Amino acid sequence: MTPDLVIFDCDGVIVDSEGPTCAVIAKHLRKYGMEIQAEDVHELFVGQTIHEIHRTGRLKDLDLPDDWSAQVYEEMFEVLAEGVPLSAGVVELFDALEAQGTRIAIASNGAIEKMQHTLGPHGLFDRFADGRMYSGHTSGAPKPQPGMLHMAMEQAKAAPERTFMIDDSVAGEGAARNAGTRFYGYNEHGGRELLEPTGAEIVMSMQELHDRLVG
């Protein structure tokens, strides 16, 4: 079956940005008394927006200021501006999918400005800037809510059963399930231990996705 549409998460799927972003978040949580390292951030908060982490921190009785999210984003953008690598083979996969008539889109819980920093230097921000990039900050509720996926399918005129979501988080798996799409859990940069209990099929590389999605 040739897919109508393949929707990609950004961080941890298209780009390997989880390490530096988790380090920034951990630093700003430690500042207010939470004993946490970068690897713990990925385990506890992967798939959440910075604003959701802010709310979770307050529920854990951390005295996070109202502008905590803005502080985190300011430093995060500085770090990301130094450059993050693409996942090997992702551009080739995009090209192959589009060559066979499959539409592609991005659905991320991250902010559009964050994607400008991670995707822009590789030319991918402009590639998706024609209405195929969805953010949990501006395109309705973040994953696991299915709104971004519904928008992408409507724009692409794609059927749910012929749409795939590629994500490294439980939130992404939940969004796919709630939207009725198919799902691959992406594990090149980590996250398998969180995805396996969902029963998701795990893939380890863009080449593996190519073998499954390109006829």
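Do the conditions hold for residue 212, that is, is it basic (Lys, Arg), surrounded by fewer than 23 Cβ atoms within 10 Å (Cβ to Cβ) and in contact (Cβ under 8 Å) with a residue 40 or more places away in the chain?
Values: basic (Lys, Arg): yes; surrounded by fewer than 23 Cβ atoms within 10 Å (Cβ to Cβ): yes; in contact (Cβ under 8 Å) with a residue 40 or more places away in the chain: no.
Against the criterion (basic (Lys, Arg), surrounded by fewer than 23 Cβ atoms within 10 Å (Cβ to Cβ) and in contact (Cβ under 8 Å) with a residue 40 or more places away in the chain), residue 212 does not qualify.
Starting from the stretch 1-19, take each residue that is over 17 Å from residue 105 (Cβ atoms) and list its partners that are open to solvent by 20 Å² or more (accessible area, probe 1.4 Å) and in a strand (DSSP E or B), counting only C-beta distances under 9 angstrom and pairs at least six apart or across chains.
What qualifies is 16/86.
Residue 97 passes all but one of (1) under 18 Å from the mean Cα position of the chain (by Cα); (2) more than 25 Å from residue 55 (Cα to Cα); which number fails?
(1)
Condition test on residue 160, is it open to solvent by 20 Å² or more (accessible area, probe 1.4 Å), within 12 Å of the chain's Cα centre (by Cα) and touching a residue at least 12 places away in the same chain (Cβ under 8 Å)?
Working: open to solvent by 20 Å² or more (accessible area, probe 1.4 Å): yes; within 12 Å of the chain's Cα centre (by Cα): no; touching a residue at least 12 places away in the same chain (Cβ under 8 Å): yes.
When the stated conditions are applied, residue 160 does not pass them.
Give the residue that is farthest from the chain's Cα centre (by Cα), with candidates limited to residues of the stretch 100-122 that are among the charged types (D, E, K, R) and closer than 19 Å to residue 20 by Cβ. Step through it out loud before you land on a result.
Just the residues of the stretch 100-122 that are among the charged types (D, E, K, R), to begin with: 103, 113-114.
Cutting the leftovers down to closer than 19 Å to residue 20 by Cβ gives us 113-114.
Working: 113: 14, 114: 11 Å.
Checking each candidate, the answer is 113.
Kindly list the number of the only condition in (1) closer than 28 Å to residue 77 by Cβ; (2) in contact with a helix residue (DSSP H, G or I) (Cβ under 8 Å, 6 or more places away or on another chain); (3) surrounded by fewer than 22 Cβ atoms within 10 Å (Cβ to Cβ); (4) touching a residue at least 12 places away in the same chain (Cβ under 8 Å) that fails for residue 202.
Every condition holds for residue 202 apart from (1).
For residue 121, indicate whether it is modelled with pLDDT of 90 or more, part of a loop (DSSP other than H, G, I, E, B), over 27 Å from residue 1 (Cβ atoms) and out of contact with any Leu (no Cβ under 9 Å at 6 or more places or on another chain). Lay out the reasoning, then the answer.
On the way: modelled with pLDDT of 90 or more: yes; part of a loop (DSSP other than H, G, I, E, B): no; over 27 Å from residue 1 (Cβ atoms): yes; out of contact with any Leu (no Cβ under 9 Å at 6 or more places or on another chain): yes.
So residue 121 fails the test.
Out of all the residues in the stretch 85-108, is one or more in contact (Cβ under 8 Å) with a residue 12 or more places away in the chain, in contact with a strand residue (DSSP E or B) (Cβ under 7 Å, 6 or more places away or on another chain) and aromatic (Phe, Trp, Tyr)?
Checked the stretch 85-108: at least one residue is in contact (Cβ under 8 Å) with a residue 12 or more places away in the chain, in contact with a strand residue (DSSP E or B) (Cβ under 7 Å, 6 or more places away or on another chain) and aromatic (Phe, Trp, Tyr).
Report, ordered by the first and then the second residue, all pairs with beta carbons closer than 6 Å, sequence separation of six or more or different chains, a first member in the stretch 116-138 that is open to solvent by 40 Å² or more (accessible area, probe 1.4 Å), and a second member that is among the aliphatic types (A, V, I, L, M).
117/80; 117/81; 122/86; 137/111
The values are calculated or read from the model by the stated rules, or taken from the named source; none is laboratory data. Bear in mind that the values here come from a model prediction, so they are computed numbers and not experimental data. Backbone-built Cβ (ideal geometry, glycine too); neighbour counts: all protein chains shown. With ligands, DNA and RNA removed, areas are computed over all heavy atoms of the protein, side chains included. Shrake-Rupley method; radii C 1.70, N 1.55, O 1.52, S 1.80 Å.
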